[in-house]
1. Could you please rank SER43, SER7, placing first whichever residue has the fewest other Cβ atoms within 10 Å of its Cβ?
2. Given 0.36 nm per residue, what is the gain on full extension from ASP3 to ALA37 after removing their alpha carbon distance, in nm?
3. With each label point set 7 Å from Cα along the Cα-Cβ vector, what nm distance links LEU68 and LEU23?
4. If R₀ is 22 angstrom, what is the calculated FRET efficiency for the pair VAL58 and ALA13, using the beta carbon separation as r and rounding to 0.05?
5. Which value does Rg/Rh take for the chain over its C-alpha atoms, Rh per Kirkwood?
6. Given a cut-off of under 8 Å on Cα pairs at least six residues apart, what relative contact order in percent is computed for the chain?
Amino acid sequence: MDDTGYSDGAVAAAILGTIFFPLIALVGALLLLGGQAEPRKRSQLRRWAWVSGVWLVVAVTGAVLLALY
């Protein structure tokens, strides 16, 4: 079993996706996590989902604060 994780290109694409499309990135990470058996990749996907969720909350909070003031 290959336990190397995702390639650098895939990680870079995940980072860009998370920055610009956090909701889609969150859903994608959770969907991929469900079908992944390799522990290293599951860890990366779990981290990707958490970061996407936090970034989504930050963006929504910022938008609400800007709308209120």
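1. With the fewest neighbours first, SER43, SER7 line up as SER7, SER43.
2. Gain on extension, ASP3 to ALA37, equals 11.2 nm.
3. 2.1 nm
4. Computed FRET efficiency for VAL58 and ALA13: 0.60.
5. That ratio equals 1.09.
6. So the answer I get is 37 percent.
Computed from the coordinates by the stated procedures, all read-outs in this text should not be read as laboratory data. Note that the structure is predicted; figures quoted are calculated from it, not measured. Here the Cβ is made from the backbone with ideal geometry for all residues, glycine too, and neighbour counts use every protein chain on show.
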